[in-house]
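A short worksheet on the structure shown next.
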Amino acid sequence: MVTAKISCKKLNAWFGKVHSVRSLDLDIRPHEIFGIIGPANSGKTTFLRTLNRMNDLDLHFRMDGEVLLDGQNIYADMTAEALRSKVGMVFAMPMPLPMSVFDNVAYGPRMHGMRDRKKLAEIVERSLQEAFLWEEVKDRLGMSGMKLSGGQQQRLCIARTLALSPDVILFDEPCSGLDPISTAKVEEAMLILKKEYTIILVTNNIKQAARVSGRTAFFLMGELIELDATEKIFTAPKDKRTEDYILGRFG
Amino acid sequence: MSRRAHISQKIAFSLLFLSTVFVVIPVVAILVFIVKNGVGAISWEFLTSYPRAGMKQGGIFPAIVGTFYLVFGAIAVSLPIGVLAAIYLNEYAKDTLLTRTIKLAIVNLAGVPSVVYGLFGLGLFVVFLKFGTSIVAGSLTLAIMGLPVIITTSKEALSSVPKQFREVSLSLGATRWQTVRHVVLPNAISGILTGAILSIARAAGEAAPILFTVAAFYLPKLPRSVFDQAMALPYHLYIISTQIPNISKQTQYGTALVLVGLVFILNLVAIVIRSRFRKKKKW
């Protein structure tokens with residue numbers, strides 16, 4: 001048995017009175033792409049945002065249970081800032097900050113005190129290469145990140161996350177606003193990135209989960225219905241509800 | 001398009017256009033009137049010499065200098081405090097009954113008549129804190145009067161920065177303050193300066209708040225310290241319009257013209273600064 005990278009024990013989450021994640025027990029292994037599928041309001045995104053404490057920003061958010069990252073409780077043993085530099089996030093909509101390509105990628109390291117220009121330049125180049133964007137932008141690093149195309153912007157956001165050398169990257173429906181070619185590029189990047197990082201992918205696109213994730217979890221109404229190797233989920237689901245969702249009977 | 005829709009479109013358009021004209025006419029009329037009547041009084045001597053012969057001759061130099069002091073004093077106090085308060089209210093304060101009450105109070109403060117600010121300044125700064133009638137007391141009174149406008153416009157500017165920018169910054173491990181400092185403020189600065197512009201204009205033009213707190217009828221020399229009294233343009237204008245019999249109309253309108261011109265120049269400076277920041281804005 002591999003030791004878990006992230007381990008959730010009896011995790012519950014509420015927004016006000018809405019119980020969005022229900023008593024979740026779940027282990028995520030190092031260097032896997034862990035796919036999460038499920039209809040709208042199934043708690044996928046809430047779960048994902050619990051893992052880097054982005055839900056803390058919402059005043060109505062409440063949770064109990066434990067989330068362990070390498071054995072450390074992320075809500076007790078570390079600050080939110082330290083956690084977020086280890087657990088990066090790529091949002092659904094590409095959202096570069098209103099600054100240059102270079103500054104976008106250098107933002108994270110700079111906020112953590114990195115001042116050395118040479119090192120920053122190295123980090124920026126490495127991150128952009130890992131996100132498959134370097135060749136397209138290397139001559140215009142000073143250009144505003146917002147002038148890139150949608151697919152390039154999303155890869156810039158991935159590079160920005162990689163610049164912090166995180167352990168885990170959370171993808172929250174990263175291709176929902178992208179065309180098929182850009183989507184293919186992002187997926188290709190994910191498959192290579194899993195060698196270095198652990199990836200959790202929330203997606204509305206069932207086929208995407210089938211293409212890239214090693215294991216897939218099916219969420220419904222805040223509950224984990226089924227979790228298995230992706231081939232099994234897609235070829236021989238044990239639960240009727242999983243089968244119905246995959247076959248497009250609801251959601 | 002049907003005939004009726006076409007006609008009502010025409011009517012709506014004419015109404016909107018007429019309303020705009022109606023707004024512009026008085027502004028233009030006032031400016032033309034002041035310039036026409038006052039421009040003859042403007043001379044180097046008028047701008048750089050002291051009043052003579054019971055205000056009827058000479059210039060308005062000390063009043064111009066006094067107004068500069070007061071405006072800069074007021075902005076130097078109210079801009080930082082106002083912006084910091086706006087940051088607190090917009091970025092940090094939780095949505096409780098107390099913060100909602102504070103926000104409501106700030107909005108209402110903007111509607112308090114300026115003479116009330118004058119009396120407040122008299123009570124607090126002149127009498128209680130024993131600053132006397134002085135530039136400090138007048139500047140602080142003007143600063144307090146300007147605060148609601150600065151806070152409200154700054155808050156508006158801060159909240160117009162997309163929420164997603166904050167999320168992105170925080171998701172990269174930045175602290176709240178780093179997020180405010182590096183992402184929110186740089187993108188809100190032009191809106192904040194709009195608030196500053198509005199309150200500069202008001203601080204320069206109001207007579208009531210300085211009436212009891214700083215303004216002198218006549219001073220033979222410039223103020224030497226912030227605890228001295230000073231002359232100021234709006235108050236000077238009020239005096240020569242009401243207290244001095246047989247003064248030439250030209251002097252009155254000349255003073256008004258200088259006041260309007262001064263506000264215009266101060267605004268222009270702020271607008272130039274703002275447009276430089278706007279060029280940096282990239283979305």
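The values are calculated or read from the model by the stated rules, or taken from the named source; none is laboratory data. Just so you know, these numbers come straight off a predicted model, no measurement behind them. In this analysis, Cβ positions are derived from the backbone assuming ideal geometry, glycine residues included, and neighbour counts consider all displayed protein chains. Accessible surface areas use protein heavy atoms only, side chains included; no ligands, DNA or RNA. Shrake-Rupley method; radii C 1.70, N 1.55, O 1.52, S 1.80 Å.
At a glance:
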| item | result |
| --- | --- |
| Failed item, numbered, when A:Gly88 is tested on (1) in a helix (DSSP H, G or I); (2) within 11 Å of chain B (Cβ to nearest Cβ) | (1) |
| Members of the stretch B:1-38 that are open to solvent by less than 80 Å² (accessible area, probe 1.4 Å) and either of a type in the set (Gly, Ala, Ser) or not in a helix (DSSP H, G or I) (or both) | B:Ser2, B:Ala5, B:Ser8, B:Ala12, B:Ser14, B:Ser19, B:Ala29, B:Gly38 |
| Contacts under 9 angstrom Cβ, first residue in the stretch A:176-198 being closer than 13 Å to A:Val90 by Cα, partner in a loop (DSSP other than H, G, I, E, B) and β-branched (Val, Ile, Thr), 6 or more apart | A:Ser176/A:Thr203 |
| Among the residues listed as B:Ile102, B:Ile81, B:Ile75, the single one being part of a helix (DSSP H, G or I) and buried (at least 20 other Cβ atoms within 10 Å of the Cβ) | B:Ile75 |
| Matching option when the condition is more than 14 Å from chain A (Cβ to nearest Cβ), open to solvent by less than 20 Å² (accessible area, probe 1.4 Å) and over 20 Å from the mean Cα position of the chain (by Cα), among B:Phe125, B:Phe165 | B:Phe125 |
| Check on B:Arg202, farther than 30 Å from B:Leu129 by Cα, open to solvent by 60 Å² or more (accessible area, probe 1.4 Å), away from every other protein chain (no Cβ under 14 Å) and among the charged types (D, E, K, R) | no |
| Leading residue by the ranking (farthest from the other protein chains (Cβ to nearest Cβ)) among those in the stretch A:45-69 that are assigned to a helix (DSSP H, G or I) and open to solvent by 10 Å² or more (accessible area, probe 1.4 Å) | A:Thr46 |
| Unique residue being more than 19 Å from A:Ala159 (Cα to Cα), of a type outside the set (Ser, Thr, Tyr) and out of contact with any strand residue (DSSP E or B) (no Cβ under 7 Å at 6 or more places or on another chain) when the list is A:Lys185, A:Lys195, A:Lys238, A:Lys232 | A:Lys232 |
| Any chance B:Arg278 is open to solvent by 90 Å² or more (accessible area, probe 1.4 Å), part of a helix (DSSP H, G or I) and not small (Gly, Ala, Ser) | yes |
| Members of the stretch A:112-163 that are of a type in the set (Gly, Ala, Ser), within 11 Å of chain B (Cβ to nearest Cβ) and touching a strand residue (DSSP E or B) at 6+ places or on another chain (Cβ under 7 Å) | A:Ser144, A:Gly145 |
| Failed criterion for A:Gln72 (all others in (1) within 11 Å of chain B (Cβ to nearest Cβ); (2) more than 16 Å from the chain's Cα centre (by Cα); (3) of a type outside the set (D, E, K, R) hold) | (1) |
| Pairs, first within 11 Å of B:Phe212 (Cα to Cα) in the stretch B:121-136, second of a type in the set (Phe, Trp, Tyr) and open to solvent by 40 Å² or more (accessible area, probe 1.4 Å), C-beta under 8 Å, six or more apart | B:Gly121/B:Phe212; B:Leu122/B:Phe212; B:Phe125/B:Phe131; B:Val126/B:Phe212; B:Gly132/B:Phe227; B:Thr133/B:Phe212; B:Ser134/B:Phe227 |
